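Asks: Just dropping this structure here.
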Amino acid sequence: MFKFIFIFVCLSHLLVAKPVRVDLEDNSSISGNLIKSTTTAVFVDVGFDIIKVPRSSVITLRYLEEKKSAPQEEIFTSELFINSPSNTKSSSLKNLVDVLGEAVVLIRTPIGLGSGFIIHPSGYLVTNDHVVAGDRQISVTQYTGSGAELTKNNFDNVKIIATGGNLDLALLKIESDKRPLSFPYVKLGSSPNLNQGERVFAIGSPLGLERSVSEGIVSLRNRIISDRLHIQTTAAISPGNSGGPLFNYKGEVIGVNNMKVVTQGAEGLGFAIPVDSLKTFLLNRDAYAFDPRNPNAGFRYTQPPFPN
């Protein structure tokens with residue numbers, strides 16, 4: 001018995017636990033040490049017990065220790081994103097586009113363009129890996145305003161934080177000196193809550209046409225394409241939409257627009273990476289950290305040769 005207790009005490013000192021505050025959707029909160037964080041739940045040691053909190057109930061998760069080297073606006077959540085509350089109500093497409101449009105950006109590189117969306121007020125944003133793969137000169141254009149009056153805000157100093165070629169996801173950060181104190185950002189939904197036939201819409205810049213909106217439904221929630229899980233949708237996904245958000249009518253990001261099938265006679269075959277795959281990428285972004293000294297940074301896997 002004494003040997004068992006000794007081992008338990010030793011292991012407890014090996015746990016990397018950080019003090020956090022978890023704000024819940026019912027306007028309550030809990031504080032304690034963060035033991036584990038997954039895409040479905042967080043585990044908090046409150047001193048006398050370990051509480052499992054479902055991700056769907058978490059509004060924000062904040063570290064209580066201040067990071068002196070980081071600007072105040074970067075103390076947000078440990079995962080760089082906020083989950084949308086489960087009680088969020090649906091709204092009209094017009095209202096949603098007005099509210100969410102400023103968080104969707106156009107991404108340009110020397111060889112092409114795509115879309116992206118801001119997930120953090122200090123300028124962290126998500127896009128597809130293939131939009132920025134192989135490039136270092138990246139610029140972002142944000143469109144502010146609503147309706148016919150849009151103002152362009154160009155940011156030329158954009159850094160690649162993490163990139164996963166096998167996931168086709170990338171995390172960027174706007175580091176321009178003229179960036180605002182706080183960017184508009186979007187909240188993330190949940191892939192398991194998505195239903196076949198549910199209405200969805202995409203915002204992006206197909207062919208460079210800013211803040212274009214396309215509407216459709218979820219054709220299938222789980223579709224394997226190119227060895228990756230996708231959401232199949234009838235919302236139009238065109239070149240330039242890649243990396244942009246696919247929303248439900250609660251204004252939650254439920255997917256990252258990824259590609260479309262182009263073949264004679266095929267219509268309405270768009271595909272998006274499920275938001276839970278994005279959350280996994282963000283939670284494990286250190287494993288995908290981008291190293292500019294290594295052209296293969298971000299874990300790119302090539303196809304094995306086929307036998308003759």
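Asks: Enumerate the pairs (first residue in the range 101-117 and under 17 Å from ILE203 (Cβ atoms); second residue anywhere and basic (Lys, Arg)) with beta-carbon separation below 6 Å, excluding pairs fewer than 6 apart on the same chain, so at least 6 apart or on different chains.
Replies: Matching pairs, first to second residue: GLY101/ARG211.
Asks: Still on this structure: For GLY123, work out the one condition from (1) under 14 Å from the mean Cα position of the chain (by Cα); (2) closer than 21 Å to PRO274 by Cβ it doesn't fulfil.
Replies: (2)
Asks: Right, something else. When the range 106-151 is examined, which residues are found to be part of a strand (DSSP E or B), modelled with pLDDT of 90 or more and charged (D, E, K, R)?
Replies: Selection gives ARG108 alone.
Asks: I'd like to check something: does the range 241-262 contain any residue that is of a type in the set (S, T, N, Q) and surrounded by fewer than 19 Cβ atoms within 10 Å (Cβ to Cβ)?
Replies: In the first step, residues of the range 241-262 are kept if they are of a type in the set (S, T, N, Q); the result is 241-242, 248, 257-258.
Next, from what is left, pick out any that are surrounded by fewer than 19 Cβ atoms within 10 Å (Cβ to Cβ): none.
No.
Asks: Pick from the range 280-308 the residues that are in contact with a helix residue (DSSP H, G or I) (Cβ under 8 Å, 6 or more places away or on another chain) and either at pLDDT 65 or above or of a type in the set (A, V, I, L, M, F, W, C) (or both): which of them is farthest from VAL126 (Cα to Cα)?
Replies: Applying the filter and picking the extreme gives PHE299.
Conditions tested, residue by residue: (1) within 19 Å of VAL97 (Cβ to Cβ); (2) in a helix (DSSP H, G or I); (3) among the polar types (S, T, N, Q).
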| site | (1), (2), (3) |
| --- | --- |
| GLN232 | no, no, yes |
| PHE247 | yes, no, no |
| ILE254 | yes, no, no |
| ASN257 | yes, no, yes |
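Asks: Say we look at the range 161-185 and pick out the residues that are among the β-branched types (Val, Ile, Thr) and within 11 Å of LEU125 (Cβ to Cβ); which of these is surrounded by the most Cβ atoms within 10 Å (Cβ to Cβ)?
Replies: If we filter the range 161-185 for residues that are among the β-branched types (Val, Ile, Thr), which is where we start, we get 161, 163, 174.
Retained after the next criterion (residues that are within 11 Å of LEU125 (Cβ to Cβ)): 161, 174.
Values: ILE161: 16, ILE174: 25.
Among residues in the range 161-185 that are among the β-branched types (Val, Ile, Thr) and within 11 Å of LEU125 (Cβ to Cβ), the one surrounded by the most Cβ atoms within 10 Å (Cβ to Cβ) is ILE174.
The values are calculated or read from the model by the stated rules, or taken from the named source; none is laboratory data. Keep in mind that this is a model prediction, so the values were computed, not measured. Here Cβ is always computed from backbone atoms with ideal geometry, including for glycine, and neighbour counts include all displayed protein chains.
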